């Protein structure tokens with residue numbers, strides 16, 4: 001007779017939850033040793049539930065469950081540190097990180113290094129000033145963890161080091177293809193920006209903006225055409241704010 005697997009006090013972050021029946025939820029967690037797991041949490045929506053306040057995004061947790069990581073039964077959670085006080089202006093970025101984790105990581109495919117990187121990325125969203133750099137570094141490291149990382153410091157075909165003052169063609173999923181004759185055009189980047197991303201410096205606005213373009217294209221390749229809801233919502237909010245400004249007397 002097979003025994004039911006029981007996991008006790010596993011470090012985890014809550015990525016997403018949805019209501020299930022009257023008082024339960026289906027919750028997606030990212031755990032340090034077991035990767036992404038989807039668990040049924042019964043009775044956690046009631047007013048008497050002690051777990052409801054804990055089962056929120058951006059709260060480091062220790063969770064216990066039984067069964068597999070795909071449809072197992074959630075048992076309990078306790079705090080593993082204080083909640084991360086994500087800035088209100090950075091909340092969309094925080095949910096964007098969660099959506100990337102959900103769409104790019106398979107269930108029960110552990111990447112222990114990503115558990116720590118996720119915590120660092122969310123911590124960078126406490127302040128608007130560190131938001132952009134934190135997002136770009138997380139995107140780069142996430143892509144590397146799932147096999148979509150490229151070397152932005154070398155030319156693919158020759159192995160030559162990228163030169164700071166030269167422009168290069170870059171293709172998502174392949175890397176730096178070669179020297180560009182012009183500074184303009186899609187897929188063309190200045191060497192200093194490529195080196196800044198390769199070394200994870202991103203100390204200036206130009207490098208951060210170039211990294212955003214590069215990594216957005218790379219993430220698009222990894223998603224294979226699947227849309228991101230957080231990007232759609234962010235665009236809608238931005239457009240609404242622009243319309244409001246235009247109609248303000």
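Would you calculate a helix-derived [θ] at 222 nm for the chain, using -39,500 (n - 2.57) for each DSSP H run of n ≥ 4 and dividing by the full residue count, to the nearest 500? Intermediate results must be reported in sequence, preceding the final value.
On the way: 6 runs with 87 residues, N = 249.
Roughly -11500 deg cm²/dmol at 222 nm, from the helical runs in the chain.
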Which parts of the stretch 164-202 would a label at residue 154 reach, counting a residue when its backbone N lies under 15 Å from a point 7 Å out along Cα-to-Cβ? 174-178, 195, 198-199
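How much of the pair distance distribution for the stretch 50-156 lies past 21 Å, counting alpha-carbon pairs only, in percent?
On the way: 2531 of 5671 pairs.
Value for the stretch 50-156: 45 percent of Cα pairs lie more than 21 Å apart.
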Before anything else, pin down the relative contact order of the stretch 115-249: Cα pairs under 8 Å, at least 6 apart, normalised by residue count, whole percent. 18 percent
Taking the alpha-carbon centroid of each part, what is the distance from the stretch 30-64 to the stretch 159-221 in angstrom? 40 Å
For the stretch 150-249, what log10 I(q)/I(0) values come out of the Debye formula at q = 0.17, 0.25 1/Å, with one point per alpha carbon and no solvent? -0.80, -1.26
Prolate/oblate/rounded call for the stretch 1-119, Cα gyration tensor, a/c under 1.5 rounded: oblate
Here D for the chain, in µm²/s, from Stokes-Einstein with a Kirkwood Rh over Cα pairs at 10 °C and 1.306 mPa s, works out to 79 µm²/s
Given a cut-off of under 8 Å on Cα pairs at least six residues apart, what relative contact order in percent is computed for the stretch 6-79? 33 percent
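Explain nothing, just the number: relative contact order of the chain, from Cα pairs under 8 Å at least 6 residues apart, as a whole percent.
On the way: 427 pairs, mean separation 33.6, N = 249.
Result for the chain is 13 percent.
All of the numbers you see were taken from the coordinates with simple rules; none came from a lab. Because the structure is a prediction, the values reported are computed rather than measured. Ideal geometry is used to build each Cβ from the backbone, glycine not excepted, and the neighbour counts take in all protein chains shown.
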